[in-house]
Structure formats: C-alpha cells, structure tokens
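Everything below concerns the one structure shown next.
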Amino acid sequence: MRQQVVTHHLEMTDPSQLVPARKSAPTFSLCQAEILCPALNRFLHHIAIATAINLQRCMDWLWEVPRSKTSTSHFARLALAA
C-alpha cells in the first residue's frame, strides 16, 4: 500500500516577522513553610522508604530473584525435631 506524503516547509525571509514569545501566567507558585512539622516529615520519610522497598520487591518478583533463606529459630528447630 502506497501513501502520498506531503511535506510543508515554513521559512522566515524577513527579520521583521520575528515576534517575541507571549508570557503566560504561572499556574503554580512556590512558598516556604514557616512552621516546621517533624511528624509530617517523619510520615513522608516512612512513605518514601516503604515505597522504595515495595518497588524493589516487585522488581525481584518480576525478575524471579530468589528470596533469601531466613534462619530458623531454636524453638522451631525443636518443633521440627520432635
């Protein structure tokens, strides 16, 4: 199947055609918090760490990385021996 391709070229031949870009109003603003909130910082830190750990677990599961063997407690070994 053949398709016809049309290419258009735009060319400025006169410097008077240059127009400065329009300045748009910012849609957001940044401000600095005046009151520190250690509880919020701790919460956000826990969320970030938990997300990183879960992402690593998901990647290990997708790539079929075997989980490490955990040690058996003394009590569990006694139960297995009985």
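Nothing in this text is a laboratory measurement; each read-out follows from the coordinates by a stated rule. Keep in mind that what you see is a predicted model, and the values were worked out from it rather than measured. Reconstructed Cβ throughout: ideal geometry from the backbone, glycine too, with neighbour counts over all protein chains shown.
Here, the chain is characterised by an Rg to Rh ratio of 1.40, where Rg is the alpha-carbon radius of gyration and Rh the Kirkwood radius. Among Ser24, Ser68, Ser16, the residue with the largest mean-square fluctuation in a Gaussian network model of the chain, with springs joining Cα atoms closer than 10 Å, is Ser16.
About its Cα centre, how strong a charge dipole does the chain have in debye, to the nearest 20, once Lys and Arg get +1 and Asp and Glu get -1 at the Cβ?
460
Helix 38-62 axis versus longest C-alpha principal axis of the chain: approximately 80°, rounded to the nearest ten.
For a quick check of your reading of the filter: which chymotrypsin sites (Phe, Trp or Tyr not before Pro) in the range 18-82 sit in a DSSP loop and have no more than 14 other Cβ atoms within 10 Å?
On the way: sites: Phe28, Phe43, Trp61, Trp63, Phe75; in loops: Phe28, Trp63.
Sites meeting the loop and neighbour criteria: Phe28, Trp63.
Got a sec? Charge dipole of the chain, +1 on Cβ for Lys and Arg, -1 for Asp and Glu; which of His8, Ile35, Asn54 is way out at the positive end? Farthest towards the positive pole: Asn54. Here the label points at Ala48 and Thr13, each 7 Å from Cα along the C-beta direction, are separated by 5.7 nm in the simple model.
Can you give the helix-only mean residue ellipticity at 222 nm for the chain, where every DSSP H stretch with n ≥ 4 adds -39500 (n - 2.57) and the sum goes over all residues, rounded to the nearest 500 deg cm²/dmol? Computed mean residue ellipticity for the chain: -13500 deg cm²/dmol.
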